[in-house]
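The values are calculated or read from the model by the stated rules, or taken from the named source; none is laboratory data. None of the values given here were measured: they were computed from a predicted structure. Here the Cβ is made from the backbone with ideal geometry for all residues, glycine too, and neighbour counts use every protein chain on show. These area figures cover heavy atoms from the full protein model, side chains too; ligands, DNA and RNA do not enter into them. Shrake-Rupley method; radii C 1.70, N 1.55, O 1.52, S 1.80 Å.
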Amino acid sequence: MKLKKPDKLSKPKMEIILATRNKKKIEEIKRVIGDMPVSVMTIDDFPECPEVKEEGVTFQENAVRKAMAVAQCTGKPSLADDSGLEVDSLSNAPGVFSSRYAGESATDRKNIEKLLHEMCSIVDDKRNARFVCCLALAFPDGRVEIFSGQVEGRIGKEPKGSLGFGYDPLFYPERHNRTFAEMPAAEKDTLSHRGKALRKFQEYLRGSYFI
Ligand code: IMP
């Protein structure tokens, strides 16, 4: 009897849990790593996971804490993003407080208003700033990998554009005269702190034994 040739065995996809509830971050992460052979879930799929407070003094500390907590709780590799805006003339504020600059439950609009107020007397050539992103990939056995990215730019004097999120309407990446909120998603991804960190993460996945 002639035996049927077995189908080529396909490796199971690596499952990654995104340790964030920020819908815009999730969108950006899925956009960049969407074509990788990984299956992406979020902590919304694991309601039993505890909320992790961002009490660290660095982006890395916060990202590692969030990723480790979710990896422990789910038993699966978890990716956390901690990111924010550093403004030179404000001694790198809002930094790790970027999401709650105008208070614990601040909206993007309130944060933008506060930033513009704090910078109202800062002249054009002193409005340098950068976005920073730290991604931490934590495994249930305690291993952690870090991928980071940043983008230099300057803070405008009024919000421009309606795309993106957070401080995007105020941020002009260097050598550009449009804010991130005026750029199509794919253009922001090629320049942004998160895009840069995610491309390092992609490189890691390509070289890893998982895929
Ligand atoms: P966290 O990492 O959840 O603590 O919050 C990051 C905060 O930094 C966001 O809520 C935004 O205010 C700001 N932020 C981080 N990445 C971006 C970005 O790509 N565009 C605009 N704002 C950002």
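Screening the candidates 130, 143, 199 for the property of being out of contact with any Lys or Arg (no Cβ under 8 Å at 6 or more places or on another chain), farther than 17 Å from residue 31 by Cα and within 15 Å of the ligand (Cβ to nearest atom) yields one hit, 130. Among the numbered conditions (1) more than 17 Å from residue 26 (Cβ to Cβ); (2) surrounded by fewer than 16 Cβ atoms within 10 Å (Cβ to Cβ), the only one that residue 101 does not meet is (2). Only a single criterion out of (1) acidic (Asp, Glu); (2) touching a Leu at 6+ places or on another chain (Cβ under 9 Å); (3) farther than 17 Å from residue 137 by Cβ is not satisfied by residue 28, namely (3). Within the stretch 149-170, the residues that satisfy the criterion of being in a loop (DSSP other than H, G, I, E, B), open to solvent by 40 Å² or more (accessible area, probe 1.4 Å) and without any contact (Cβ under 8 Å) to a residue 40 or more places away in the chain are 160, 161, 162, 163. Within the stretch 43-60, the residues that satisfy the criterion of being modelled with pLDDT of 95 or more and out of contact with any Asp or Glu (no Cβ under 8 Å at 6 or more places or on another chain) are 57, 58. Is there a residue in the stretch 47-56 that is among the small types (Gly, Ala, Ser) and either under 25 Å from residue 203 (Cβ atoms) or open to solvent by 50 Å² or more (accessible area, probe 1.4 Å) (or both)? Looking for residues that are among the small types (Gly, Ala, Ser) and either under 25 Å from residue 203 (Cβ atoms) or open to solvent by 50 Å² or more (accessible area, probe 1.4 Å) (or both), one finds none in the stretch 47-56, hence no.
Would you mind finding the one in 122, 146, 112 that is in contact (Cβ under 8 Å) with a residue 12 or more places away in the chain, assigned to a loop (DSSP other than H, G, I, E, B) and among the β-branched types (Val, Ile, Thr)? It is 122.
Considering every residue within the stretch 111-120, establish whether at least one is open to solvent by 30 Å² or more (accessible area, probe 1.4 Å) and among the aliphatic types (A, V, I, L, M). Yes; the residues of the stretch 111-120 include at least one that is open to solvent by 30 Å² or more (accessible area, probe 1.4 Å) and among the aliphatic types (A, V, I, L, M).
Looking at residue 188, is it part of a helix (DSSP H, G or I) and either crowded, with 20+ Cβ neighbours inside 10 Å or free of Cβ contacts under 8 Å to residues at least 60 places away in the same chain (or both)? Taking the combined requirement at face value, the residue satisfies it.
Picking from residues in the stretch 57-94 that are charged (D, E, K, R) and more than 24 Å from residue 15 (Cα to Cα), the one that is surrounded by the fewest Cβ atoms within 10 Å (Cβ to Cβ) is 88.
For residue 72, the conditions (1) within 11 Å of the ligand (Cβ to nearest atom); (2) touching a residue at least 40 places away in the same chain (Cβ under 8 Å); (3) over 23 Å from residue 30 (Cβ atoms); (4) not in a strand (DSSP E or B) all hold with the exception of (1).
The set of residues in the stretch 75-101 being out of contact with any strand residue (DSSP E or B) (no Cβ under 8 Å at 6 or more places or on another chain) and away from the ligand (no atom under 13 Å from the Cβ) consists of 75, 90, 91.
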